[in-house]
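Asker: Just passing along the structure, written as structure tokens.
The values are calculated or read from the model by the stated rules, or taken from the named source; none is laboratory data. Only a predicted model underlies this, so the values are computations on that prediction, with no experimental measurement involved. Cβ placement follows ideal geometry from the backbone for every residue including glycine, while neighbour counts extend to all protein chains displayed. The area values use the complete protein model at the heavy-atom level, side chains included, leaving out ligands, DNA and RNA. Shrake-Rupley method; radii C 1.70, N 1.55, O 1.52, S 1.80 Å.
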Amino acid sequence: MNTAVQDTKRIYWHRDLPPLTAEFMAEHTVEADSGRVEGTLAHRDELWGRCYSELMTRAEARLTQEIARLGGDYAHIHDESIVPKHDAVRGESWLHGRFTYILYRRRRGTALPTH
């Protein structure tokens with residue numbers, strides 16, 4: 001991985017671990033939804049893919065906000081649950097995600113790169 005990219009990375013998914021200099025702060029959970037699409041997501045790979053991509057973009061935005069709000073430097077997502085939702089009245093479907101993560105901060109005395 002490019003060192004400059006690695007130095008600015010804040011969100012780590014599952015097996016991808018934060019720097020060894022990271023110190024545990026707390027465990028938290030964020031939730032996010034994809035945009036709604038007409039119909040159902042069952043057996044519709046293109047709609048599922050689009051909703052999944054949008055859900056992950058929104059989840060990363062929420063995680064970035066929470067890292068800053070809580071005074072951390074990194075989030076390591078270790079558990080996620082993604083479920084399809086459906087509003088029969090409106091005929092719309094979307095994905096809902098719940099992401100549990102550990103918030104870390106840099107060890108005191110280690111500077112955050114400015115790349």
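Asker: So, in the range 57-78, how many residues would count as being within 20 Å of Pro19 (Cα to Cα) and surrounded by 12 or more Cβ atoms within 10 Å (Cβ to Cβ)?
Answerer: 13
Asker: Do you know which residues across the range 24-48 are surrounded by fewer than 15 Cβ atoms within 10 Å (Cβ to Cβ) and closer than 27 Å to Ile67 by Cβ?
Answerer: Matches in the range 24-48: Phe24, Ala26, Glu27, Thr29, Glu31, Gly35.
Asker: What number goes with the only condition from (1) under 20 Å from Asp16 (Cβ atoms); (2) open to solvent by 20 Å² or more (accessible area, probe 1.4 Å); (3) touching a Leu at 6+ places or on another chain (Cβ under 8 Å) that Pro84 does not pass?
Answerer: Going through (1) under 20 Å from Asp16 (Cβ atoms); (2) open to solvent by 20 Å² or more (accessible area, probe 1.4 Å); (3) touching a Leu at 6+ places or on another chain (Cβ under 8 Å) one by one, Pro84 breaks only (1).
Asker: Of the conditions (1) in contact (Cβ under 8 Å) with a residue 40 or more places away in the chain; (2) open to solvent by 30 Å² or more (accessible area, probe 1.4 Å), Leu95 clears all except one; give me its number.
Answerer: Checking Leu95 against (1) in contact (Cβ under 8 Å) with a residue 40 or more places away in the chain; (2) open to solvent by 30 Å² or more (accessible area, probe 1.4 Å), the one that fails is (2).
Asker: Please go through the range 21-66 and pick out each residue that is over 10 Å from the mean Cα position of the chain (by Cα) and aliphatic (A, V, I, L, M).
Answerer: Listed by number, the residues that qualify are Ala22, Met25, Ala26, Val37, Leu41, Ala42, Leu47.
Asker: Would you mention how many residues in the range 54-71 are touching a residue at least 12 places away in the same chain (Cβ under 8 Å) and of a type in the set (S, T, N, Q)?
Answerer: Total satisfying the criteria: 1.
Asker: Would a scan of the range 93-111 turn up a residue that is outside any strand (DSSP E or B), at pLDDT below 95, out of contact with any strand residue (DSSP E or B) (no Cβ under 6 Å at 6 or more places or on another chain) and of a type in the set (A, V, I, L, M, F, W, C)? Walk me through it before giving the result.
Answerer: Filtering the range 93-111 for residues outside any strand (DSSP E or B) gives 107-111.
Pick out the ones that are also at pLDDT below 95 and you get 107-111.
Still in the running and out of contact with any strand residue (DSSP E or B) (no Cβ under 6 Å at 6 or more places or on another chain): 108-111.
Next cut, of a type in the set (A, V, I, L, M, F, W, C) only: 111.
For the range 93-111, residues outside any strand (DSSP E or B), at pLDDT below 95, out of contact with any strand residue (DSSP E or B) (no Cβ under 6 Å at 6 or more places or on another chain) and of a type in the set (A, V, I, L, M, F, W, C): present.
Asker: Among the residues in the range 23-43, are any part of a helix (DSSP H, G or I) and among the aromatic types (Phe, Trp, Tyr)? Before the answer, list the steps.
Answerer: Of the residues in the range 23-43, the ones part of a helix (DSSP H, G or I) are none.
No: zero hits.
Asker: Restricting attention to the range 58-69, does a residue exist that is at pLDDT 95 or above and either assigned to a loop (DSSP other than H, G, I, E, B) or of a type in the set (Ser, Thr, Tyr) (or both)?
Answerer: So far as the range 58-69 goes, yes, one or more of its residues are at pLDDT 95 or above and either assigned to a loop (DSSP other than H, G, I, E, B) or of a type in the set (Ser, Thr, Tyr) (or both).
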